[in-house]
Amino acid sequence: MTLRVSIVGASGYTGGELLRLLLQHPHVEVGQVTSQSNVGKFVYTVHPHLRGQTTLQFSALENLEPCDVLFLALPHGESQQRITYFAEIASYIVDLSADFRLKDPELYKKWYEHEHQAPEWLEHFAYGLPEINRQAIRSAKYVSGVGCNATAIILALWPLVRAGLIDNQKPLFADVKVGSSEGGNTPTISSHHPHRVSNVRPFQLTGHRHSAEVQQAFADCGGITLNMSVSSVEMVRGVAVAVHLQMPTQLSDRDFWKIYRTAWANEPFIRIVHAHDGLYRHPEPRLVNGTNYADVGWAYDPASGQTVLLSAIDNLGKGAAGSAVQAMNLMCGFDETTALTFGGFYP
């Protein structure tokens, strides 16, 4: 079975990553890719790494034709304005923006500072992180994308929260380090090379929108209180998360391994990284670049109970396009790992 797949908003970094994955997918044919600012241009003029991979040209949105699966890679706020139109065009939709991640329209208004334009559609979208919502995705026609920072935090916390080992009365603190591609492909003063190179810039130290997404993910576990701070660092791709909390004293490594293996043993894209020596003892973003993998681990002091939960993902991969393709595979009955098994590169 071959499905016709199209991408709306394909000229951005996420659109390019989607194309890279989908062009290698054995069960899909990429039909159209839209970009209002690049109509008629060959895709490889915007995504030069796809030269020789495709002769597709960018189409205008108004010329979009019916397809089986439609990926929406539009800026936040735009998908909700046209969702009825998109649903008439495609049987399945994966929206990579934040428009349908939060289920409560009032919560959306609080964090995104405007009324949701299609609140009646929120209940129709399954949250698109397969590791925590696989069954809902399998039966869905519409799936929301994931926030990259939220994804990294959720995957770091999931084993301990699901095991009932987190005190939900105490706030957790997530320190998040991110690469420049999180800011998209439109240059800004903060992304200008002389301002960014050789620098660690505090980006959003309080009130980050992704904290709402994380708290929603754990609502059925009694909830958590999360404080997160995001800083941009000198890398292009990647999210590195360190969640700081206090655990009981005198736990052992064996206890942590049991918790993590219970949570992740059957997950094809979660790798547990925890060693006592060597250079790569903990998750590092560079080792998941270009992949749909998430590396997770921990550091723990049995004397004090000080604990740091760690995760690393590619913000364009597991944090966006990779999870979106994984969700499509689930929705459409393909093997979940199809087109997603690239394991990264080293050095």
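In segment 238-265, what count of residues is obtained for those that are modelled with pLDDT under 95 and closer than 26 Å to A327 by Cβ?
Selection size over segment 238-265: 1.
With respect to Q53, is the statement that it is touching a helix residue (DSSP H, G or I) at 6+ places or on another chain (Cβ under 8 Å), over 26 Å from H114 (Cα atoms) and surrounded by fewer than 18 Cβ atoms within 10 Å (Cβ to Cβ) true?
So Q53 fits the description; yes.
Please work out if M228 is within 17 Å of G319 (Cβ to Cβ) and either part of a loop (DSSP other than H, G, I, E, B) or in the same structural domain as T14 (by TED's automatic domain parsing) (or both).
For M228, the condition - within 17 Å of G319 (Cβ to Cβ) and either part of a loop (DSSP other than H, G, I, E, B) or in the same structural domain as T14 (by TED's automatic domain parsing) (or both) - is not met.
For segment 74-187, which fully contained helices (runs of 4 or more DSSP H) count at least 2 residues that are among the charged types (D, E, K, R)?
79-89, 105-112, 130-138
Residue by residue, here is whether (1) in the same structural domain as M328 (by TED's automatic domain parsing); (2) of a type in the set (K, R); (3) under 22 Å from the mean Cα position of the chain (by Cα); (4) outside any loop (DSSP other than H, G, I, E, B) holds:
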position: A10; (1), (2), (3), (4): yes, no, yes, no
position: R20; (1), (2), (3), (4): yes, yes, yes, yes
position: H25; (1), (2), (3), (4): yes, no, yes, no
position: G31; (1), (2), (3), (4): yes, no, no, yes
position: Q36; (1), (2), (3), (4): yes, no, no, no
position: G40; (1), (2), (3), (4): yes, no, no, no
position: E62; (1), (2), (3), (4): yes, no, no, yes
position: E65; (1), (2), (3), (4): yes, no, no, no
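Check R261 against each of (1) surrounded by fewer than 20 Cβ atoms within 10 Å (Cβ to Cβ); (2) touching a residue at least 12 places away in the same chain (Cβ under 8 Å) and name the one condition it does not meet.
For R261, the exception is condition (2).
Quick test for you: out of A303, A312, A299, pick the one residue that is of a type in the set (A, V, I, L, M, F, W, C) and either under 30 Å from L19 (Cα atoms) or buried (at least 18 other Cβ atoms within 10 Å of the Cβ) (or both).
The match here is A312.
Looking at segment 201-219, which of its residues are out of contact with any Ser or Thr (no Cβ under 8 Å at 6 or more places or on another chain), closer than 16 Å to R101 by Cβ and either part of a loop (DSSP other than H, G, I, E, B) or without any contact (Cβ under 8 Å) to a residue 12 or more places away in the chain (or both)?
Answer for segment 201-219, where residues must be out of contact with any Ser or Thr (no Cβ under 8 Å at 6 or more places or on another chain), closer than 16 Å to R101 by Cβ and either part of a loop (DSSP other than H, G, I, E, B) or without any contact (Cβ under 8 Å) to a residue 12 or more places away in the chain (or both): R209, F218, A219.
With the requirement that a residue be buried (at least 17 other Cβ atoms within 10 Å of the Cβ) and either under 19 Å from L3 (Cβ atoms) or touching a strand residue (DSSP E or B) at 6+ places or on another chain (Cβ under 8 Å) (or both), what does segment 28-50 give you?
V28, V30, G31, Q32, V33, T34, S35, N38, V43, V46
Please go through segment 232-258 and give me each residue that is of a type in the set (S, T, Y) and crowded, with 16+ Cβ neighbours inside 10 Å, ordered by number.
S232
Name every residue in segment 84-106 that is closer than 18 Å to V146 by Cβ and either over 22 Å from the mean Cα position of the chain (by Cα) or crowded, with 16+ Cβ neighbours inside 10 Å (or both), in order of residue number.
Within segment 84-106, Y92, I93, V94, D95, L96, S97, A98, D99, F100, R101, L102 qualify.
The values are calculated or read from the model by the stated rules, or taken from the named source; none is laboratory data. Being a predicted model, the structure only gives us computed values, none of them experimental. Note that each Cβ is placed from the backbone with ideal geometry, even for glycine, and that neighbours are counted across all protein chains shown.
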